[in-house]
Amino acid sequence: QVQLVESGGGLVQAGGSLRLSCAASGSIFSISSMGWYRQAPGKQRELVTVIFSGGSTNYADSVKGRFTISRDNAKNTVYLQMNSLKPEDTAVYYCNARLLRSGGIWYNDYWGQGTQVTVSS
């Protein structure tokens, strides 16, 4: 079984910072990528950022220059440093990992339970 456990959400004023963490655990053989998605009320879930096993990253245009993703491969953990937060960043943030389980054949997507980020104006 695989679990993704997130932490670090909360309430912050506009212009402030938050750091999210997500640790993957369980019978994991290999992780291809880890990333963060978010879903605001009434909107579809959208990709925020992703980091691949080789270290390359992608960011949504709306967060470029403000958010930074990093990864500790030894700990199967991904971090999201969010600076200069705006009210429009308010959403539930979900951790995602594309991974191969021990004894598995295919890479599959796994999700965390979500953590609320609220930015007040």
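The values are calculated or read from the model by the stated rules, or taken from the named source; none is laboratory data. Computed from a predicted structure; not experimentally measured. All Cβ positions, glycine included, derive from the backbone under ideal geometry; neighbour counts span all protein chains shown. Please note that ligands, DNA and RNA were not included when accessible areas were found on the heavy atoms of the full protein model with its side chains. Shrake-Rupley method; radii C 1.70, N 1.55, O 1.52, S 1.80 Å.
Please verify whether the range 60-69 includes one or more residues that are open to solvent by 60 Å² or more (accessible area, probe 1.4 Å) and in contact with a strand residue (DSSP E or B) (Cβ under 6 Å, 6 or more places away or on another chain).
yes
Of the conditions (1) closer than 21 Å to Ser120 by Cβ; (2) touching a residue at least 40 places away in the same chain (Cβ under 8 Å); (3) touching a Ser or Thr at 6+ places or on another chain (Cβ under 6 Å), Ser102 clears all except one; give me its number.
The one condition Ser102 does not meet is (1).
Identify, please: which residue in the range 16-31 is hydroxyl-bearing (Ser, Thr, Tyr) and open to solvent by 50 Å² or more (accessible area, probe 1.4 Å) and is, among those, nearest to Arg101 (Cα to Cα)? Outline the logic, then answer.
As a first pass, look at the range 16-31 and keep what is hydroxyl-bearing (Ser, Thr, Tyr): 17, 21, 25, 27, 30.
This time we only want the ones that are open to solvent by 50 Å² or more (accessible area, probe 1.4 Å), so: 17, 25.
On the way: Ser17: 34, Ser25: 10 Å.
Ranking the candidates gives Ser25 first.
Give the number of residues within the range 71-104 that are open to solvent by 50 Å² or more (accessible area, probe 1.4 Å), at pLDDT 95 or above and small (Gly, Ala, Ser).
Final tally of qualifying residues: 1.
Checking the structure you have, find out if any residue of the range 67-78 is more than 18 Å from Ser17 (Cβ to Cβ) and assigned to a loop (DSSP other than H, G, I, E, B).
Yes, the range 67-78 has at least one match.
Considering only residues of the range 79-121 that are in a strand (DSSP E or B) and among the polar types (S, T, N, Q), which is nearest to Leu4 (Cα to Cα)?
The first filter runs over the range 79-121 and keeps only residues in a strand (DSSP E or B), leaving 79-82, 91-101, 107-111, 115-120.
Checking the rest, the ones that are also among the polar types (S, T, N, Q) come to 81, 96, 108, 115-116, 118, 120.
Details: Gln81: 18, Asn96: 8, Asn108: 13, Thr115: 12, Gln116: 15, Thr118: 21, Ser120: 27 Å.
Looking at the filtered set, the residue picked out is Asn96.
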